[in-house]
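Derivation of every value follows stated rules applied to the coordinates shown; laboratory data play no part. Every value quoted in this text rests on a predicted model; they were computed, and no experiment measured them. Positions of Cβ are backbone-derived with ideal geometry, glycine not excepted, and every protein chain shown enters the neighbour counts.
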Amino acid sequence: MINGTHHGAMSSCRQHMQRRFCVMVSTVVIAGVISPASAGTPASYPCPTEVRIVYPDIDATPFINGVGATVPENPGMLIDWVRTAIANSPCHIKLSLSRLPTLRTVMEINVGRYDVMLAVATDNPLAKKLRFPMQEDGIAQNKAIAKGALMLYALSQSTANWDGTTLNLPQPGTVGVVRGQVAQFVATQKGWDTDESPDAETNFRKLLLRRVAVVLEQKLVAADLIKKMPNQKVQMLTVPVKTTSYYSPVTTDFYQRYPQFSEQFWLDMCRESRKSLKDLPKCSDK
């Protein structure tokens, strides 16, 4: 019913309204999302009436599907986890999902236009104003929604070499990274010469055209892209550059107003992720 309503609205929008209005409608608001289990059980803590979630408008299959502002009919695992987590909440919530360019997501959430940002790496320096789930010794690993290795990818006949300390590259000597994502910041910290792209698919196209020497990308995202290039020989260098954990942090103001809801949302997101990512640590609210 939710997907059907949104699809119908977008179809009508495309037929009768201007493109600008269509983009506005792509910020989909889902009212009264309540699971049967929680419908008769009121929350024992303060609830938000609306949760505004923002995430990048790039394709990162299987986690985020599609490109651009419109939330597609099959949005990807990450959005499925969000919708289920909200549906399981005892709170009666309007869910707003918005897709924006990567850097703009940070700018907008930093000024309070959104409450939650999806799939943020703890190593991303742009996330300093966001609140992650915490334990006494730091960010709670038992509430991470994903964990992945940043790997380097080169053409199969490339002389590129990474031993965990030193990176040797053939011409043009550049590392392809997605602008505004953790790979960019890790590569910059290491002093590598980077070439920025809006998404991972563009990076791999540049690699095939030899416009970059290597691509730095999350293993799970890269694996899906490489499957789509069966006739193109791309190799993964064997030593990880960095292993990162991903969360869906909230703004500090949102957490101060709704701490119990935030903690439960993180726990529910974690549990949903484990249905697909079974090798991660067991979720815990402790």
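With +1 assigned to the C-beta of every Lys and Arg and -1 to the C-beta of every Asp and Glu, and no other charges, what is the dipole magnitude of segment 84-203 about the Cα centre in debye, to the nearest 20?
Values: 11 positive and 11 negative charges, 109 e Å.
The calculation lands at about 520 debye.
Which listed residue (GLN218, GLN184, GLN171) has the Cα farthest towards the positive end of the charge dipole for segment 146-244, taking +1 on Lys and Arg C-beta and -1 on Asp and Glu C-beta about the Cα centre?
Positive-most Cα among the choices belongs to GLN218.
With only alpha-carbon atoms counted, please give the Rg and Dmax of segment 83-145, in Å.
Cα radius of gyration and Dmax of segment 83-145 are 13.3, 34 Å respectively.
By what distance, in whole Å, do the Cα atoms of segment 114-174 stretch along each of the three principal axes, largest value first?
So the three principal-axis extents are 44, 27, 17 Å.
Where Lys and Arg each count +1 and Asp and Glu each count -1, what net charge lies around THR105 among other residues with Cβ under 13 Å from its Cβ?
Details: positive: ARG52, ARG99, ARG104, ARG113, LYS129, ARG179; negative: ASP57, GLU108, ASP115.
Summing Lys and Arg as +1 and Asp and Glu as -1 gives +3.
Over the chain, what is the percentage of antiparallel beta bridges among all DSSP beta bridges, to the nearest 5? Present the calculation step by step, with values, prior to reporting the outcome.
Details: 25 of 40 bridges.
DSSP beta bridges in the chain are roughly 60 percent antiparallel.
Taking the Cα centre of segment 146-244 as origin, sum charge times position over the Cβ atoms of Lys and Arg (+1) and Asp and Glu (-1), and report the length of that vector in debye to the nearest 20. Don't skip to the answer; put the middle values down first.
Details: 12 positive and 8 negative charges, 40 e Å.
Computed about the Cα centre, the dipole is about 200 debye.
To the nearest 20 debye, what charge dipole does the chain have about its Cα centre, counting +1 at the Cβ of each Lys and Arg and -1 at the Cβ of each Asp and Glu?
Details: 32 positive and 24 negative charges, 77 e Å.
In debye, rounded to 20, the chain gives about 380.
Could you name the aspartates and glutamates in cross-link range of LYS242, using Cα to Cα under 17 Å and dropping any fewer than eight places away on the same chain?
Counting by Cα, and skipping residues close in sequence, LYS242 has these aspartates and glutamates nearby: ASP123, ASP163, GLU217.
Over every pair of different alpha-carbon atoms in segment 165-286, take the mean of 1/r and invert it; report that Kirkwood radius in Å.
Kirkwood hydrodynamic radius for segment 165-286: 16.9 Å.
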